[in-house]
Amino acid sequence: RTIRLAEYTPPSHLVEGVELQFTLAPRTTRVRSAIRFRPNPARPDAVAGTADLRLDGEALTLIRAAIDGTVLAAAPDATGLTIPAAALPAGPFLFEAEVEIAPETNTALEGLYMSKGMYCTQCEAEGFRKITFYPDRPDVMAPFKVRIESDLPVLLSNGDAVGQGPGWAEWHDPWPKPAYLFALVAGDLVAHSDRFTTRSGREVALNIWVRRGDEDRCAYAMDALKRSMKWDEDTYGREYDLDVFNIVAVDDFNMGAMENKGLNIFNSKYVLASPETATDDDFARIEAIIAHEYFHNWTGNRITCRDWFQLCLKEGLTVFRDQSFSGDMRSHAVKRIEDVLTLRARQFREDAGPLAHPVRPASYQEINNFYTATVYEKGAEVIGMLKRLVGDEAYRRALDLYFERHDGEAATIEDWLKVFEDATGRDLTQFKRWYTDAGTPHLRVTDDYRDGTYVLHLEQQTLPTPGQPEKPPRVIPVAVGLLNPNGDEVLPTRVLEMTEARQSFSFEGLSARPVPSILRGFSAPVIVERETSAEERAFLLAHDTDPFSRWEAGRGLAKEVLVRMVTEGADPAPGFLEGLGAILRDDSLDPAFRALTLRLPSEDDMAQTLHAAGHVPDPTRIHVRREALIEAIARHLAGALGATYSAMSVPGPYTPDAGAAGKRALRGAALAYLTRIDGGAAAKVQYGVADNMTEALQALSALLDIGQGAAELASFEARWRDDALVMDKWFTLQVLHAAPDDCAANARALTERSDFDWKNPNRFRSVIGAIAANAAGFHHPSGDSYRFLADWLIRLDPLNPQTAARLSAAFDSWARYDADRQGLIRDQLARIAATPGLSRDLSEMISRMRGEE
Ligand code: ARG
Ligand code: ZN
């Protein structure tokens, strides 16, 4: 069944308060609920007493239900319970129910489930209905009181602890919230604790709850939490609003983390870190996700979404906030480049294929399928554009108004835009297309210069996406700067506001034809198309004042070189190799920036690029030619690489700060190239002496890339066999760095090991997700990898539809490839589609990819 935004109706009844009592048992947990309802004044039929009360409920054994003490005869159907209007008292009433559920057999990890002996919940988006009967929709908000009965020592829920004794605990969350923010945890856990004093003087107890033995891996997450709390006060004026903030690390988790009010639940991978077990990237991700979930307290919890179509209201804004935070903590330039890399790899790809959808989708079958790069990352870009258009000061005023006007409400994108219109006087009607129209705009740029006047001609076009043939022009903020041929900047960054399909912008009084620097800071999520000479790109790489554009110029060069190597069999252009060398040796540049510039576009990025340029990409050939380029760079830069490798060694004990991480990143990039010419000597030494996971993995990856590393893999396994998070990395490496011919076989062998616990999402992804990320291995002409992925999706789907559906998106790029590969992928899609009893999650994904809706 398709749910449509246009069909939204307010709930018939509102909830004034909820009391829940849990008596926990693996197979027979009892949930007693007492819910105080009142007719919604916005629903005349409910006020008149003619509206039925519909409660969501799935996989619940109903023991008893009553209204105002009178037992109900009504029997639930497969998705809930309807109480006919005739059985409802006029005005407010109390609904009570007792149900039984079996958390131990809940393999979908949605609702109340068990992970290694501990009880935990995941209710977003629609998991609460698997706990008890309730109007499980975000526009029904209520305060919750929860009593938990269990012999387990630690019993947690949302809000503040109001009482506890042996075998029970009671929690009260005074802030009205939708059911998706409910959480419960019970287990034999230990806390890493700290405190935070808010700027108005509230003392907040902070706890990170983990399994015994993991306490010493929480310090970084705790530090990130305190910095997040401070940052939200300083930057957005937002304070925390309870006396306790709990975080729990869980090993079995479908997503990254969840912002339940006062009780965030995390995939343990995004909490636990020590120098020996986590890489620099892991530390950075932990910092970002801790911040993200904390920031949701205001953007998501205090102000939530009216319905799931508005998901980007909280996710886009919260991603935007966590990106700004990470930029402030580290480097804005580096963070921006990394974010654009992810956006292009995931969101541009999504937007160009059968899964394309607007930032605010208009329909869905399964909402879990819309926790996507488009809703999250493009949603954040849209906010970045808005901020750029109105300016920093007006942005802050608008946000203040948003918090003031909508606190305690379930809001919409219309509410959000209205706040900006009211705060700035701007009409955002056209801007709203960024929310409603799918697809990445292409921005064609040409230019003229005559008599001191330089003119930029811009033309925008967005290709049709599923269900949206017409794409009217959007507002595109195009940040540009102009450089003189001598390298000086003649025009500092200015934002051109493009609103028409075609538009020209003039710059007068120039003494020479300038070199344009276009889309500085990646000011809009668009694809720039402009004929640019290699000389001009090299000039910008050397002279641009905007770090993003500087990196982008290098990126453009690398792509051009690779395209010519793949399509014409050309040799790598010497100018490109020289340019890379200049960046490598330029000690005035941030090492992290240099590392990013040395990193070549990925094979999938090249397939996307070639396809967009009208070629049919051959993943095998892309792999071979890209490997050739890596070797050419290594030979050409050999001396400089060795010097950088030595210069970037970080003395002293490991610290996860951005400065040290940047040096390690550059050193690791140098090592990857050096390994191509030294037979693995430097990498073997580095592996042997590494006292941190970053350097160990750099060395191991470099060795695997040249077909070595067997001894190192074995010693890694011997050391880490009992550490699941570290072993996930070991599984991934052997698939991700496998040669194309070995990829499927390696993956298959790994899945046959006794420690391939495929019901654990992290472990499943470590192999099945990795095969999709090895482009040449996944698209092997034999079709082996396609079959392998399909087999595992079919196997996982009955147990965990969410994770199966997410990983199925690996097939979304099928239309790029040749007829043989297209046929092989389509066969697998058809085979999955024909599987009896397919989940709603996976069947929606497969039919969208097959172009059926
Ligand atoms: N709100 C969470 C976050 O962005 C994501 C939870 C998604 N879970 C799901 N099953 N769809 O932080
Ligand atoms: Zn989020």
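The values are calculated or read from the model by the stated rules, or taken from the named source; none is laboratory data. Keep in mind the model is a prediction, meaning the values are calculated, not measured. Because the Cβ atoms are built from the backbone with ideal geometry, glycine has one as well, and the counts that use them run over all protein chains shown.
Residues of the stretch 506-557 that are touching a Pro at 6+ places or on another chain (Cβ under 9 Å), of a type outside the set (Ser, Thr, Tyr) and in contact (Cβ under 8 Å) with a residue 60 or more places away in the chain: 513, 514, 521, 524, 525, 526, 527, 530. If you filter the stretch 287-311 down to residues that are β-branched (Val, Ile, Thr) and within 11 Å of ligand 2 (Cβ to nearest atom), you find that the one that is surrounded by the fewest Cβ atoms within 10 Å (Cβ to Cβ) is 289. In the stretch 169-207, which residues are farther than 22 Å from residue 145 by Cα and either buried (at least 21 other Cβ atoms within 10 Å of the Cβ) or hydroxyl-bearing (Ser, Thr, Tyr) (or both)? Within the stretch 169-207, 189, 193, 197, 198, 200 meet the criteria.
Scanning the stretch 443-486 for residues that are closer than 17 Å to residue 537 by Cα and assigned to a loop (DSSP other than H, G, I, E, B) yields 484, 485, 486.
For the stretch 21-137, list the strands (runs of 3 or more DSSP E) that sit wholly inside it and hold at least 1 residues that are closer than 30 Å to residue 256 by Cβ; which are they?
29-39, 53-56, 80-83, 93-101, 111-115, 118-122
Of the numbered criteria (1) within 12 Å of ligand 2 (Cβ to nearest atom); (2) charged (D, E, K, R); (3) farther than 26 Å from residue 237 by Cα, the one residue 251 fails is (1). Checked against (1) assigned to a helix (DSSP H, G or I); (2) away from ligand 1 (no atom under 11 Å from the Cβ); (3) of a type in the set (A, V, I, L, M), residue 278 passes all but condition (1).
Regarding the stretch 579-588, can at least one residue be identified that is surrounded by fewer than 17 Cβ atoms within 10 Å (Cβ to Cβ), closer than 27 Å to residue 347 by Cβ, polar (S, T, N, Q) and at pLDDT 95 or above? Checking the stretch 579-588: not a single residue is surrounded by fewer than 17 Cβ atoms within 10 Å (Cβ to Cβ), closer than 27 Å to residue 347 by Cβ, polar (S, T, N, Q) and at pLDDT 95 or above. Selection over the stretch 375-400 of residues that are out of contact with any Ser or Thr (no Cβ under 7 Å at 6 or more places or on another chain), within 16 Å of ligand 2 (Cβ to nearest atom) and farther than 18 Å from residue 475 by Cα gives a count of 2. Of all residues in the stretch 294-311, those that are within 13 Å of ligand 1 (Cβ to nearest atom) and assigned to a strand (DSSP E or B) total 3. Annotation: of all residues in the stretch 218-266 being in a helix (DSSP H, G or I) and farther than 30 Å from residue 394 by Cα, the one that is nearest to the chain's Cα centre (by Cα) is 221. What's the number of the only condition in (1) more than 22 Å from residue 373 (Cα to Cα); (2) near ligand 1 (Cβ under 10 Å from one of its atoms) that residue 257 fails to meet? Unmet condition: (1). Have a look at 348, 325 and point out the one that is under 22 Å from residue 192 (Cβ atoms), more than 13 Å from ligand 2 (Cβ to nearest atom), crowded, with 21+ Cβ neighbours inside 10 Å and at pLDDT 95 or above. Just one listed residue meets the conditions, 325. Just give me the residues in the stretch 774-806 being touching an Asp or Glu at 6+ places or on another chain (Cβ under 8 Å) and within 21 Å of residue 626 (Cα to Cα), in sequence order. Matches in the stretch 774-806: 775, 776, 777, 780, 781. In the stretch 501-606, counting only helices (runs of 4 or more DSSP H) that sit wholly within it, the ones holding 3 or more residues that are under 19 Å from residue 627 (Cβ atoms) span 547-568, 574-585.
The C-beta contact set for the stretch 463-476 (first residue touching a residue at least 24 places away in the same chain (Cβ under 8 Å), second residue among the aromatic types (Phe, Trp, Tyr) and crowded, with 18+ Cβ neighbours inside 10 Å, distance under 6 angstrom, 6+ apart or interchain) comprises 475/431. Looking across 713, 700, 750, one residue alone is over 16 Å from residue 762 (Cβ atoms), out of contact with any Ser or Thr (no Cβ under 7 Å at 6 or more places or on another chain) and surrounded by 21 or more Cβ atoms within 10 Å (Cβ to Cβ). It is 700. Out of all the residues in the stretch 630-637, is one or more in a loop (DSSP other than H, G, I, E, B) and either in contact (Cβ under 8 Å) with a residue 24 or more places away in the chain or farther than 30 Å from residue 771 by Cβ (or both)? Yes, the stretch 630-637 has at least one match. Of 64, 36, all but one fail to be in contact with a strand residue (DSSP E or B) (Cβ under 7 Å, 6 or more places away or on another chain) and loosely packed, with under 13 Cβ neighbours inside 10 Å; the exception is 64.
Residue-by-condition table, conditions (1) at positive phi; (2) of a type in the set (A, V, I, L, M, F, W, C); (3) in a helix (DSSP H, G or I):
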| position | (1), (2), (3) |
| --- | --- |
| 643 | no, yes, yes |
| 651 | no, no, no |
| 654 | no, no, no |
| 684 | no, no, yes |
| 691 | no, no, no |
| 694 | no, no, yes |
| 703 | no, yes, yes |
| 717 | no, no, yes |
| 725 | no, yes, yes |
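The conditions of being touching a helix residue (DSSP H, G or I) at 6+ places or on another chain (Cβ under 6 Å) and either more than 12 Å from ligand 1 (Cβ to nearest atom) or without any contact (Cβ under 8 Å) to a residue 60 or more places away in the chain (or both) are met by residue 269. Set side by side, the residues 314, 269 differ, and just one is more than 15 Å from ligand 2 (Cβ to nearest atom), basic (Lys, Arg) and in a helix (DSSP H, G or I), which is 269. Taking the stretch 352-374 as the range and being within 16 Å of ligand 2 (Cβ to nearest atom) and over 14 Å from residue 3 (Cβ atoms) as the test, the residues that pass are 359, 371, 372, 373, 374. One residue alone among 771, 825, 794 is over 22 Å from residue 349 (Cβ atoms) and of a type in the set (A, V, I, L, M, F, W, C), and that residue is 794.
Would you check if residue 210 is among the hydrophobic types (A, V, I, L, M, F, W, C) and in contact with a helix residue (DSSP H, G or I) (Cβ under 9 Å, 6 or more places away or on another chain)? Taking the combined requirement at face value, the residue satisfies it.
Pairs meeting the criteria (first residue in the stretch 289-317 and in contact (Cβ under 8 Å) with a residue 40 or more places away in the chain and within 18 Å of residue 339 (Cβ to Cβ), second residue basic (Lys, Arg) and away from ligand 1 (no atom under 11 Å from the Cβ), beta carbons under 6 Å, at least 6 apart or on different chains) are 295/321; 312/360.
Among 371, 364, 376, which is the only one that is within 14 Å of ligand 1 (Cβ to nearest atom), in contact with a strand residue (DSSP E or B) (Cβ under 9 Å, 6 or more places away or on another chain) and hydroxyl-bearing (Ser, Thr, Tyr)?
364
Can you tell me which residue within the stretch 607-627, out of those that are among the aliphatic types (A, V, I, L, M) and not in a helix (DSSP H, G or I), is modelled with the highest pLDDT?
Here is the first cut: in the stretch 607-627, the residues among the aliphatic types (A, V, I, L, M) are 607, 610, 612-613, 616, 622, 624.
Still in the list and also not in a helix (DSSP H, G or I): 613, 616.
Numbers: 613: 94, 616: 98.
Restricting to residues being among the aliphatic types (A, V, I, L, M) and not in a helix (DSSP H, G or I), the top hit is 616.
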